[in-house]
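The values are calculated or read from the model by the stated rules, or taken from the named source; none is laboratory data. Since this is a predicted model, take the numbers as computed values, not measurements. Quick reminder, even Gly has a Cβ in these numbers, built from the backbone with ideal geometry, and neighbours come from all protein chains shown. Please note that ligands, DNA and RNA were not included when accessible areas were found on the heavy atoms of the full protein model with its side chains. Shrake-Rupley method; radii C 1.70, N 1.55, O 1.52, S 1.80 Å.
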Amino acid sequence: MNVRFLTMLVIVTSLSLIAFRGKVVSTIQTGNLRTELLVNPIGIDASAPRFSWEVTGEQRGIVQQAYQILVASSAADLAAGKADLWNSGKVNSDRSIHVPYAGNPLQSRTEAYWKVKVWTNKGEGAYSSPAKFTVGLMNENDWQAKWTGLDKYFPWDTITKMSRLSARYFRKEFAAPKEVKKATAYISGLGIYELYINGNKIGDQVLAPGPTDYSKTVKYNTFDVTNHVKQGKNAIATTLGNGRFYTMRQQYKPHKWHNFGYPKMLLQLEVEYKDGSKQTVVSDDTWKVTADGPIRTNNEYDGEEYDATKEFPGWNKVGFNDSKWLKAELVEAPGGNVEAQMNENMKVMQILKPVSIKEPSKGVYILDLGQNIAGWIKMNVKGKRGQKVKLRFAESLKPDGQLYMDNLRDALVTDIYTLKGEGVETWAPRFVYHGFRYVEITGYPGKPKAEDFVGEVVYDDMKTIGSFETSDRTINQVYKNAYWGILDNYKGMPVDCPQRDERQPWLGDRFMGAYGESFIFDNSKMYAKWLDDIQESQTPEGSIPDVAPNFWFYYKDGVTWPGTYLKVAEMVYNQFGDVESVRKHYSPMKKWLNYMQDKYMKNYIVTKDSYGDWCVPPEAPHLIHAKDSSRITDPKLLSTATYYHMLQVMKKFANLLGKQEDIKEYDALMANIKSTFNKTYFDSEKKQYGNNTVTANILPLAFNMIPEGASDAVFKNIVDKIMVDNNGHISTGVIGTQWLMRWLTYNGRGDIAYKLASNRTYPSWGYMAGNGATTIWELWNGNTANPRMNSQNHVMLLGDLIVWYYENLGGIKAAEPAFKKVEMKPAMIDGLSYAKASYHSLHGMVKSDWKKNGKTFTWNITVPGNTTAEVYIPAASAEQVTENGKKATAVEGVKFLRMEGDRAVFEVGSGQYQFAGKQ
Ligand code: BGC
């Protein structure tokens, strides 16, 4: 048996850890141990990092019975078993995730080494290999650095409706008189920074730090730079780009755009010498600065212009003559609390080679990456000094083979590179990203070849933890499109789209989306950070905006968009066991509900809604939104039903946190809302809600609001609407689609869900794929609608599709938080002959791989250590089920629980199983 660490370490808001990853070789027999130093925001109490590990082993049914954690301040002490920081002692518990640190108080800069040993029903494990974490700067007075910048613009910049601002370069030299034992750099460079020591770029992050409302919170990153600081003279340097701090749409719509000022930085380098003495180098007005460098302008929407003739070789190394540079200035702090960033930074995560390059008109080349991505192009180019290569980006092409840019609105999406004329020059922008599949290249010296370019895909450095495949080609293709759409839109926060002049973290898009995404990516840290962003954007009265961080000010007081706050908290709890986020956000969530109730609830009906069932398939191909009233669901019905659901979620949270009084309050309010809702919207003769749209009926069905005995009839209306009125096609928008696939399946019509999922005719996800989509469109009619609002890379129409893929087709669902108990219940749907899914939960790997052949069903599953699963096997009786060729009822550790319809339900512990059943 061996113990495998998965996520170790943990630190919180005011802690940080060294942001490098280290692989530690196993000290236990079978190898395969992995310890990664990961930023992890889940431990919320600053003094209590939380520890998680995986228990794996060959035997079946492994259950942890006890654990012991040792934490020491040096590797040597830990190895010697001297746990000077914390020895948990042997704790009888099956808990293996989020165990809070309970040792001596952790101080800023503490280095901690830890390991864990477990006792199980199958024997005792050895100690795991050690892992390390480092505490950041927890107190304000740990910072000696000063906010440094230059609050002005330069003659080559412009401050207009669409401002253009060049990047700022900062540098300083310092002497490190003695032999260096350890060096750590803490940096926040706003909007975005690059850090160099002695000419070397520190870290592989891009577009860092994570975006926030900088007047509330500023994130800093920490780096172990021991290998970079040398005894003797050193140079430390940064480049600052605009990011979301200095918004480029200066005079555009001031009421709409948040602008924070000119770029600035806070940087502290702490050097510890071998003799024990220390030195701190900080950002302040002893630094030099210039904006007259190669990055002439940079901005997320309009592009980056880089003039290589303006490069100043050696600027970030010792000995550079900076006498013409300006003196950096002390500037006002951005206002927000300076906190360690616990979610992942963005990185170049994938590199794509172009699939073709064409020349639709003379000198205009169009490069095709074959995939809609968010990132940039890195190119090789050789030519004369001063020649300019211009790159423009788009998601699709016009019939004439040129870029289709109408849907980008006023984002200029143009990168310009000016050659220095010194052999082959390699360039990629630093402070921008584009959403694109195609690139227009003009001005390239000679004839560009595909090999001269690669697409670099930029998103948050998260692990892909899920895989999914079925026998249906459309489902597989849509899954792939969703995977790309989701990762493209992770930008330190979930944005709506990566290409046009918007790119905002809209809440509504992720109401259910975050949950589906959590099967594919370990998005736990990013979403925990986003919960903080949302909370910070709450007004003192309690209003939650539609966009958070509120780079756009959209306080419209609907329920369906702001309600994402609660749904994301629910997601991180269910999928990742993050109770702390629920605890932390409970009060602001409740405050929001009270605010909405006081202000907008009249007679138990919520009277305010902002967007309706956004983006239903409209009646005419060119429309963005339907005008036909039969397609539109009453907005008050949407908000009232959703508010009711919010109370269901709050009740769950209140239960978790032991808030009995609140539960009573919620119950009373729910009873009133339910009865008024039914009086107002339910037609008891026709058994329909509102005007009988699928959305109007599916919300009360999903929220259990339907009067006793009427659910079947309401469900029949849903079925008729889809199958008869809509000819087997989807008719819901962002709201209805969040519940559609699962509730069709739960009510015995998985076949209809399957039809919607595999359709290739309009409107459907398959229609998008069939019409060239490599991501998911904003509109069902994305190939014909008005370009004003027609992104080809929006994830909001996914609804609950991804959840349905994993839970209902794959058969992998968390029956208890973080998959401590797994429900494995794949829907048997005619036409689907196999599904294969895997999911790396916090407890370990879950796998499900089933095949159907006539009436025979075979199923290979893997259940992680220290968990159990309930498996639902299609069979006429328990006797029909075999496991590895033997009667399942006779196999040790496989426990028959009950028959449920056409399923025999068994309980199993960890391990691999091969089931077969006959119907
Ligand atoms: C955005 C959507 C958003 C919607 C709400 C659109 O412009 O792209 O993602 O949810 O507006 O109004």
How much length is gained on full extension from Asp712 to Ser215, taking 0.36 nm per residue of separation minus their Cα-Cα distance?
173.8 nm
Per the Cα gyration tensor, the chain corresponds to an equivalent ellipsoid with semi-axes, largest first in Å, of 45, 36, 27
Mind checking the dipole of the range 348-458: about its Cα centre, +1 per Lys or Arg Cβ, -1 per Asp or Glu Cβ, Debye to the nearest 20?
380
Structure-based [θ]222 nm, the chain - -39500 (n - 2.57) summed over DSSP H runs of at least 4, per residue, nearest 500:
-5500 deg cm²/dmol
For Asp609, net neighbour charge (Lys/Arg +1, Asp/Glu -1) across residues whose Cβ lies under 12 Å away
-1
Would you mind checking Lys652/Lys852; Lys264/Lys324; Lys288/Lys420; Lys525/Lys825 for any pair whose Cα atoms are more than 30 angstrom apart?
Lys652/Lys852
Which order, highest average first, do 845-854, 427-436, 114-123 follow once you tally other Cβ atoms within 10 Å for each residue and take the mean per peptide?
427-436, 114-123, 845-854
Note, Arg510: beta-carbon cut-off 10 Å, +1 each Lys/Arg, -1 each Asp/Glu, net -2
If I stretch the segment between His255 and Val318 completely, what's the gain in nm (0.36 nm per residue apart, minus their alpha carbon distance), one decimal?
18.1 nm
Once the in-chain neighbours fewer than 8 apart are removed, the aspartates and glutamates whose Cα is under 14 Å from Lys627 read Asp613, Glu619
Using only the Cα atoms, what convex hull volume per residue in Å³ does the range 293-440 have?
183
Given a cut-off of 21 Å, what percent of all Cα-Cα pairs of the range 598-755 lie beyond it?
47
If the limit is 30 Å between Cα atoms, which of Lys122/Lys886; Lys590/Lys679; Lys132/Lys590; Lys602/Lys821 go over it?
Lys132/Lys590; Lys602/Lys821
Which shape class, rounded, prolate or oblate, goes with the range 335-384 when its Cα gyration tensor gives a ≥ b ≥ c as root eigenvalues, a/c under 1.5 marks rounded, and past that a/b bigger than b/c marks prolate?
prolate
Considering only protein heavy atoms, what is the solvent-accessible area of His585 at a probe of 1.4 Å, reported in Å² to the nearest 10?
0
State log₁₀ I(q)/I(0) for the range 476-594 at q = 0.10, 0.23 Å⁻¹ as given by the Debye formula over alpha-carbon point scatterers of equal weight, solvent excluded.
-0.28, -1.37
What's the lysine pair count for the range 157-240 at a Cα cut-off below 30 Å, pairs eight or more apart or interchain?
26
Would you mind putting 158-165, 743-750 in packing order, based on average other-beta-carbon counts within 10 Å, highest first?
743-750, 158-165
Sorted by average packing, counted as other Cβ atoms within 10 angstrom per residue and highest first, what order do 337-346, 897-906, 539-548 take?
337-346, 539-548, 897-906
Using the 2.2 N^0.38 Å rule of thumb for compact globular proteins, work out how the range 143-343 stacks up: its C-alpha Rg over that value, please.
1.01
If we count every other residue with Cβ under 13 angstrom of Gly854's Cβ, Lys/Arg +1 and Asp/Glu -1, where does the sum land?
+3
